[in-house]
1. Filter region 254-263 down to the residues that are more than 16 Å from Ala281 (Cα to Cα) and out of contact with any Gly (no Cβ under 6 Å at 6 or more places or on another chain) and list them by number.
2. Would you confirm whether or not region 274-283 contains a residue that is more than 18 Å from Ala218 (Cβ to Cβ) and in a helix (DSSP H, G or I)?
3. Taking the options Ser40, Ser49, Ser95, name whichever one is part of a helix (DSSP H, G or I) and free of Cβ contacts under 8 Å to residues at least 24 places away in the same chain.
4. How many of the residues making up region 289-327 are part of a helix (DSSP H, G or I), over 14 Å from Ile119 (Cβ atoms) and not hydrophobic (A, V, I, L, M, F, W, C)?
5. If I ask for residues that are buried (at least 24 other Cβ atoms within 10 Å of the Cβ), under 16 Å from Ala31 (Cα atoms) and not small (Gly, Ala, Ser), which ones from region 139-158 would you list?
6. So Phe118 passes all but one of these: (1) under 16 Å from Phe22 (Cβ atoms); (2) part of a helix (DSSP H, G or I); (3) not hydroxyl-bearing (Ser, Thr, Tyr). Which condition number does it fail?
7. In this structure, does Pro326 turn out to be farther than 12 Å from Ala218 by Cα, buried (at least 23 other Cβ atoms within 10 Å of the Cβ) and modelled with pLDDT under 85?
Amino acid sequence: MRITKPTIGILTLSMISLSGIFITPVIGLVAEAFPQASLSSVQMIVSVSTLTALVGAWCTGKLVQLFSRKTVALLGVAGVLVFGFLPFIAHSSLSVVIALSGCLGVCLGLINNTLPAFISDHYDVEQRQGMMGKQVAFASIGAMVFIYAAGMLGTIAWYYAYLVYLFAAVVLLVCWFTLPKDAVGEDGSRDERKFSIAQALTPRVLFLLVAGFFFLIANNAYSNNLALLVAQNNLGDSGTAGLATTIGQLGGLIAGLLIGRLAKRITNHLLMLGFVIEGVALLVVGFAPNLLVLVVGCFFVGAGLSVYYAQAPFLITVLEKPYLIPLGIAAMTTANALGGFASPVVVNAINGLFGSTAAGAMCIGAAMALIVAVVLGMTNYQKHCLDAVR
């Protein structure tokens, strides 16, 4: 694939598309800084951004009718810079930090809803799946670097982890010069015919949304509890958690780069494979007796996440009519956001019946991922989706 300015812009923008989880290594330190707060409240500094991202996702469809898609993306990057950095200054109140994380999530919604549209515009169906894999790979690179950096900075003080969001200034500059400036309204909304969300929510799309909801519950059980598991099992400190999470992003990076090749071999079951990898990896993490086994599990958790995030948007772009793709992506983002937001509540409620350990949370997430994998396999879901397109 030829390296073009849009490619550079898309991949650079992708590096902060997972910035809602950059500060996961310091969850344990935040809990220590606010001992009066419940665990679920502390975990909200990560999970709330996945919920508020849906606000940005649904706003994107309207904003691209008023501004160019490039302007909307740059607005999202600027918001990540501002709201990501502010907790470094205003960190005396957990409520303020959670509120700023919520604002960050809105901006991430703008970014993550414009990225598939940029890819759909500039790459045909043959190239699209490979490019989406590369987009996920670069998202993993960004998460890998900045989660590790946040863990290291967190050893100074937990709020120093928020300095990693200053990198958004570099992303803003690069995207300013490389992202193509489309005409205002140049997306599916330029089609004059009236359409509704009901048209976008076909049975196959709804099935994908439900699967994504449970995938994010499972994955956020990992994100929200990894630092706690490291502490509870005496495997290290916040720096160790940051390293383990970084290894997970490395797994996502490698899997993302291999998506194009995997798609040629197991096209009909690639989404199911993502759920299987995620479920098994969560079990490995939950029962890890030492740091080596832990990082191996984290590696494959990242790989499973990468496969899901490459496949789900791709399936939306092939299942929906072109003018319905923005609504389909917004619906997918909403399902993912709701799953991520519900994760600490659902997982902690179930986990409370078994002792409320971080390892227990990992097992609950694993069970959810593997159950969905079985359903995907038994129904031949992806094969039916692709056969319909063919």
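The values are calculated or read from the model by the stated rules, or taken from the named source; none is laboratory data. Quantities reported herein were computed from a predicted structural model and do not represent experimental measurements. Neighbour counts run over all protein chains shown; Cβ positions are idealised from the backbone, glycine included.
1. Within region 254-263, Leu257, Leu258, Arg261, Leu262, Ala263 meet the criteria.
2. As a first pass, look at region 274-283 and keep what is more than 18 Å from Ala218 (Cβ to Cβ): none.
Within region 274-283, not a single residue is more than 18 Å from Ala218 (Cβ to Cβ) and in a helix (DSSP H, G or I).
3. Step by step, each of Ser40, Ser49, Ser95 is checked, and only Ser95 is part of a helix (DSSP H, G or I) and free of Cβ contacts under 8 Å to residues at least 24 places away in the same chain.
4. 6
5. Trp158
6. (1)
7. Spelling it out, Pro326 is indeed farther than 12 Å from Ala218 by Cα, buried (at least 23 other Cβ atoms within 10 Å of the Cβ) and modelled with pLDDT under 85.
Conditions tested, residue by residue: (1) in contact (Cβ under 8 Å) with a residue 24 or more places away in the chain; (2) of a type in the set (Gly, Ala, Ser).
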| residue | (1), (2) |
| --- | --- |
| Leu209 | yes, no |
| Phe213 | yes, no |
| Asn225 | yes, no |
| Asn234 | no, no |
| Gly248 | yes, yes |
| Gly251 | yes, yes |
| Ala255 | yes, yes |
| Leu258 | yes, no |
